[in-house]
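None of the figures in this text is laboratory data; all of them are computed from the coordinates on show. Note that the coordinates shown come from a computational prediction; the quantities given were computed from them, not determined experimentally. Please note: Cβ atoms are built from the backbone with ideal geometry, for glycine as well, and neighbour counts cover all protein chains shown.
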Amino acid sequence: MNEYLTILNSIDQYWLFAAVAGCLVIILVLIIILLVTAGRVKKLERKLAKFTTGREGSSLEDEIEKVMNDNKAFRDELSEHDRKIGDLYLKHERVIQKTALVKYDAFKEMGGKLSSVIALLDGHNDGVLINVVHSTSGSYTYTKSIREGQCSADLGEEEKAALDEAVKQSSEGFKNGAETK
């Protein structure tokens, strides 16, 4: 039995020594991990300090707030510009956008196509026909109102040709711009 106690004592001391040695190794590894982590934390603190102080000592939060306010101001200004551009396109529908010129000989005895018809229309095909007739005794100017591409008065062949040519022209470039927002 003494032998067993001696063996037990020697085993207990051996395991006790192994346990203490194991704990010391674990403590040493934890100290190394702690030092590496502390170094990384210091490095991150320096980076944070660099980002949180601006040129005049303002913080990153203040800079972000300024950028957000500037961004909101730019968006508001852009909305205002879009509104104004839309207003301009609406007003633009009523300016002359379509024109046509037809030159002709009003009288057989006169050559050189000295007479002409000019059609001036807006985006709604409203406007005027201006007919200038040149003869040996003088020049005469006649006008006719146009509403939605139609004239309430009878049109001559040249007037009809000028009106048809002007109506066929597209004002889509103006309409597309107003829709683009």
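So for the pair Leu35, Ile64, with labels modelled 7 Å out along Cα→Cβ, what separation do we get in nm?
Label at Leu35, label at Ile64, 3.6 nm between them.
How far apart, in nm, are two points set 7 Å out from the Cα along the Cα-to-Cβ line at Val128 and at His92?
2.4
More than 27 angstrom separation, counting every C-alpha pair in segment 41-173; what % is that? Let's see the in-between values first.
Working: 4733 of 8778 pairs.
Every Cα pair in segment 41-173 considered, those over 27 Å come to 54 percent.
Do any GluC sites (Glu not before Pro) in segment 79-124 lie in a DSSP loop with no more than 10 other beta carbon atoms within 10 Å, and if so, which?
Values: sites: Glu80, Glu93, Glu109; in loops: Glu93, Glu109.
Sites meeting the loop and neighbour criteria: Glu109.
If one puts a single equal scatterer on every Cα of segment 98-171 and applies the Debye formula without solvent, what log₁₀ I(q)/I(0) results at q = 0.15, 0.26 Å⁻¹?
-0.47, -1.12
In this model, which of Lys91/Lys168; Lys43/Lys66; Lys103/Lys168; Lys113/Lys144; Lys144/Lys168; Lys84/Lys144 are farther than 25 Å apart at the alpha-carbon? Before the final figure, lay out the partial values.
Numbers: Lys91/Lys168 21 Å; Lys43/Lys66 28 Å; Lys103/Lys168 18 Å; Lys113/Lys144 21 Å; Lys144/Lys168 19 Å; Lys84/Lys144 34 Å.
Exceeds cut-off: Lys43/Lys66; Lys84/Lys144.
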